[in-house]
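Novice: Following this message is one structure expressed as structure tokens.
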Amino acid sequence: MSRPIAQAIVVLALALAGCDAAKEPMSKAREAEAAGKVAEAKALYAEVCKAAEGSPFCPVAKQRIEALTVREATTLVAEEQYGKAKELSATVTDAPAKRAFEALAKTRAMSSAAAFEEANASADKAAARAKMEELAGQSSPVADKAKEWLTKNGPALLLDEVKAACKPDGTGSCVDLGKKIAKLFPTSPEAAEAKALVDADAKRLHPLLKQAEALLVQRLEISNWKSKYDLCLKQAEPSPGGYEMQVCKTEVGIPEDRGDPFSTSFLEGAWKKKLTEIHDPGWVKSLEDRWGKIESSGIYDPASLPKPGESK
């Protein structure tokens, strides 16, 4: 017998021996998997490769271990054990299992759990509070946890934001944050402390808001002039010298010493400066919306300004 043929026989014999050694744990692993015994099945599939690394059963056993790991993670998610499910994702190596874990990570349960963990560990408490409010409003498994977090941490965090906002150069809207803490935690000591800060800022804002209101009235006056003037010109008989233009200015009531009666450049400069002095984003947005409404449609909505020392 030639040497190559002898070697081939030896290799075949070893392979058959490996198959025999791996056959029993493979059979038991399949039985355990069919019975839903995931942990037991994974352990038995691992024994297949230990019994015979070169066995053709070994690659199959490895694939079943990865598939069962995905199944195990899915069960953990259903049991709301998101951390353990996430840990399992690092143990798989083949492409199908990795794709399965990527899909699992995108589910509402896993993505919301990841968002909760990130917010809970965040050093940016204002951003964490905003994220927890978002999660608490969702129909996700972590909604209750987010609500618990907010009940525990919300009043103090909101008060910190109110303190940062309720000053001339503050960050955020003092008036809006004051409303928020009063609505969410009305009986808390933090809400009472916040109200004092908001009222103090309202005292600072009162004269500035009155001045802004006067500028709005001036913008309305120019808008009204323009509308009446355009209507007058439309109805007037044209003359060679453009005399009707002066007639219409007089009829509308535009002062004679007014240069360009419809120019708003100077008024807009004063307006922008006043908004900068007011600074509070909540008030600024409201004022900008009202200014825009006058510009677009000539409509002026009078505002109810807070009294000095009182919040909006």
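Rundown of residues vs (1) assigned to a helix (DSSP H, G or I); (2) surrounded by 16 or more Cβ atoms within 10 Å (Cβ to Cβ); (3) charged (D, E, K, R), yes/no style:
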site	(1), (2), (3)
Leu158	yes, yes, no
Glu161	yes, yes, yes
Gly170	no, yes, no
Ile181	yes, yes, no
Arg204	yes, yes, yes
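Novice: Moving to a separate point now. Could you check region 255-284 and list, in sequence order, the residues that are within 17 Å of Gln218 (Cα to Cα), aromatic (Phe, Trp, Tyr) and either touching a Cys at 6+ places or on another chain (Cβ under 9 Å) or surrounded by 12 or more Cβ atoms within 10 Å (Cβ to Cβ) (or both)?
Specialist: Hits for region 255-284 are Phe262, Trp271.
Novice: Identify, please: which residue in region 207-254 is open to solvent by 60 Å² or more (accessible area, probe 1.4 Å) and in a loop (DSSP other than H, G, I, E, B) and is, among those, farthest from His279 (Cα to Cα)?
Specialist: Step by step, filter region 207-254, then rank; the result is Pro240.
Novice: What do you reckon, is Gly137 in contact with a helix residue (DSSP H, G or I) (Cβ under 8 Å, 6 or more places away or on another chain), on the phi > 0 side of the Ramachandran plot and open to solvent by 30 Å² or more (accessible area, probe 1.4 Å)?
Specialist: Details: in contact with a helix residue (DSSP H, G or I) (Cβ under 8 Å, 6 or more places away or on another chain): yes; on the phi > 0 side of the Ramachandran plot: no; open to solvent by 30 Å² or more (accessible area, probe 1.4 Å): yes.
For Gly137, the condition - in contact with a helix residue (DSSP H, G or I) (Cβ under 8 Å, 6 or more places away or on another chain), on the phi > 0 side of the Ramachandran plot and open to solvent by 30 Å² or more (accessible area, probe 1.4 Å) - is not met.
Novice: Sticking with this structure for a sec: For residues in region 69-87 being modelled with pLDDT of 80 or more and among the small types (Gly, Ala, Ser), which is farthest from the chain's Cα centre (by Cα)? Before you say what the answer is, go through the steps one by one.
Specialist: Our first condition is that a residue be modelled with pLDDT of 80 or more; within region 69-87, this holds for 69-76, 84-87.
Remaining after also requiring among the small types (Gly, Ala, Ser): 73, 85.
Details: Ala73: 27, Ala85: 25 Å.
Filtering region 69-87 for residues that are modelled with pLDDT of 80 or more and among the small types (Gly, Ala, Ser), the one farthest from the chain's Cα centre (by Cα) comes out as Ala73.
Novice: Can you tell me which of Lys131, Lys98, Lys62 is part of a helix (DSSP H, G or I), open to solvent by 50 Å² or more (accessible area, probe 1.4 Å), more than 30 Å from Met26 (Cβ to Cβ) and modelled with pLDDT of 85 or more? Walk me through how you get there before you give the answer.
Specialist: Working: Lys98 fails: more than 30 Å from Met26 (Cβ to Cβ); Lys62 fails: more than 30 Å from Met26 (Cβ to Cβ).
Going through Lys131, Lys98, Lys62 in turn, just one is part of a helix (DSSP H, G or I), open to solvent by 50 Å² or more (accessible area, probe 1.4 Å), more than 30 Å from Met26 (Cβ to Cβ) and modelled with pLDDT of 85 or more: Lys131.
Novice: Here's a follow-up. Open to solvent by 50 Å² or more (accessible area, probe 1.4 Å), outside any helix (DSSP H, G or I) and touching a residue at least 12 places away in the same chain (Cβ under 8 Å): which single residue out of Thr93, Thr74 fits that description? Give the derivation first.
Specialist: Numbers: Thr74 fails: outside any helix (DSSP H, G or I).
When all the criteria are applied, what remains is Thr93.
Novice: Considering only residues that are in contact with a helix residue (DSSP H, G or I) (Cβ under 8 Å, 6 or more places away or on another chain) and either of a type in the set (A, V, I, L, M) or outside any helix (DSSP H, G or I) (or both), which ones fall in region 264-287? Even if it seems obvious, please write down each step before you answer.
Specialist: In the first step, residues of region 264-287 are kept if they are in contact with a helix residue (DSSP H, G or I) (Cβ under 8 Å, 6 or more places away or on another chain); the result is 264, 267, 270-271, 274-275, 277-278, 280-284, 287.
Passing the criteria: Thr264, Leu267, Ala270, Leu275, Ile278, Asp280, Val284, Leu287.
Novice: Assigned to a helix (DSSP H, G or I), touching a Leu at 6+ places or on another chain (Cβ under 7 Å) and of a type in the set (Gly, Ala, Ser): is that true of Ala46 in this structure? Working first, answer last.
Specialist: Details: assigned to a helix (DSSP H, G or I): yes; touching a Leu at 6+ places or on another chain (Cβ under 7 Å): no; of a type in the set (Gly, Ala, Ser): yes.
Answer is no for this residue.
Novice: Taking the conditions exactly as written (within 42 Å of the chain's Cα centre (by Cα), in a loop (DSSP other than H, G, I, E, B) and either surrounded by 12 or more Cβ atoms within 10 Å (Cβ to Cβ) or at pLDDT 85 or above (or both)), does Gly54 satisfy them or not? Don't jump to the end; show me each part of the working.
Specialist: On the way: within 42 Å of the chain's Cα centre (by Cα): no; in a loop (DSSP other than H, G, I, E, B): yes; either surrounded by 12 or more Cβ atoms within 10 Å (Cβ to Cβ) or at pLDDT 85 or above (or both): yes.
So Gly54 does not fit the description; no.
The values are calculated or read from the model by the stated rules, or taken from the named source; none is laboratory data. Small disclaimer: the values here were computed from a predicted structure and weren't measured. Heads up, the Cβs are rebuilt from the backbone with ideal geometry, glycines too, and the neighbour counts pull from every protein chain shown. To get the accessible areas, we keep the full protein, side chains included, count just its heavy atoms, and leave off ligands, DNA and RNA. Shrake-Rupley method; radii C 1.70, N 1.55, O 1.52, S 1.80 Å.
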